[in-house]
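Novice: Input: one structure, supplied below.
The values are calculated or read from the model by the stated rules, or taken from the named source; none is laboratory data. Because the structure is predicted, anything quoted here is derived from the model rather than measured. For the accessible areas, the whole protein counts, side chains as well, though only heavy atoms, and no ligand, DNA or RNA atoms are used. Shrake-Rupley method; radii C 1.70, N 1.55, O 1.52, S 1.80 Å.
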Amino acid sequence: MTEKEKMLAGELYDPVDGELAVLRQRAHVLCKAFNDTDETQAAQREAILAQLLPLRGRNVNLNAPMQFDYGCFTSFGDNSYANFNLTCLDCAPVRIGANVFIGPNVSLLTPVHPMRW
């Protein structure tokens, strides 16, 4: 089982695994690029979101700033919206349905850390 498979299954995994590191770094670069745009740059924002969130329905709107750990493990249904400062640590699949409005300063946190040292 790969580290990515372990992570998505909720098992202990190595977060410095090469494949995971590449996915995480890519998402962080895309988040920064998105956060550096403003509402007047709709086409640029759409292109960034297409790369960051491939599992996204129609008419999904996110306000900057936002941050994803991976992005590719999060899905948004049609007509969804997230206000400022959405943080999504998608170490496990995150599924946001259709017609969902997320308020400001929301964190969706899926990591499960060991309870013992």
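Novice: Hey, can you find the accessible area per residue of the chain for me, probe 1.4 Å, expressed in square angstrom? Display every interim value, and only then the final one.
Specialist: Values: 6910 Å² over 117 residues.
Here the per-residue accessible area is 59 Å².
Novice: Same structure again: Per residue of the range 52-57, what does 6.51 cos²θ - 1.76 cosθ + 1.60 with θ = phi - 60° give for ³J(HN,Hα)? Whole Hz please, x for Gly and Pro, Karplus curve as stated.
Specialist: Once θ is set to phi - 60°, the couplings for the range 52-57 become 6, 10, x, 9, 10, x Hz.
Novice: Amide H of Asn61: which non-local residues (sequence gap of 5 or more, or other chain) have their own amide H closer than 5 Å, using H built in the peptide plane?
Specialist: When sequence neighbours closer than 5 places are left aside, the close amide H contacts are Ser80, Tyr81, Ala82.
Novice: Under 5 Å between amide H atoms, partner at least 5 residues away or on a different chain: which partners does Leu55 have, H built in plane at 1.01 Å?
Specialist: HN-HN under 5 Å from Leu55: empty list.
Novice: On to the next question. Out of the total accessible area of the chain (probe 1.4 Å, heavy atoms of protein only), what percent is carbon and sulfur?
Specialist: For the chain, the apolar C and S fraction of the accessible surface comes to 57 percent.
Novice: Moving on. Once phi is turned into θ = phi - 60°, what whole-Hz ³J(HN,Hα) does the Karplus curve with 6.51, -1.76 and 1.60 give for every residue of the range 34-46, x standing for Gly and Pro?
Specialist: Calculated HN-Hα couplings, in order: 5, 5, 8, 9, 10, 4, 6, 9, 4, 5, 5, 4, 4 Hz.
Novice: For the chain, just list the percent of Cα-Cα distances falling in each 5 Å bin from zero outward, please.
Specialist: Whole-percent P(r) values from 0 Å outward: 2, 12, 21, 25, 18, 11, 7, 3, 1, 0.
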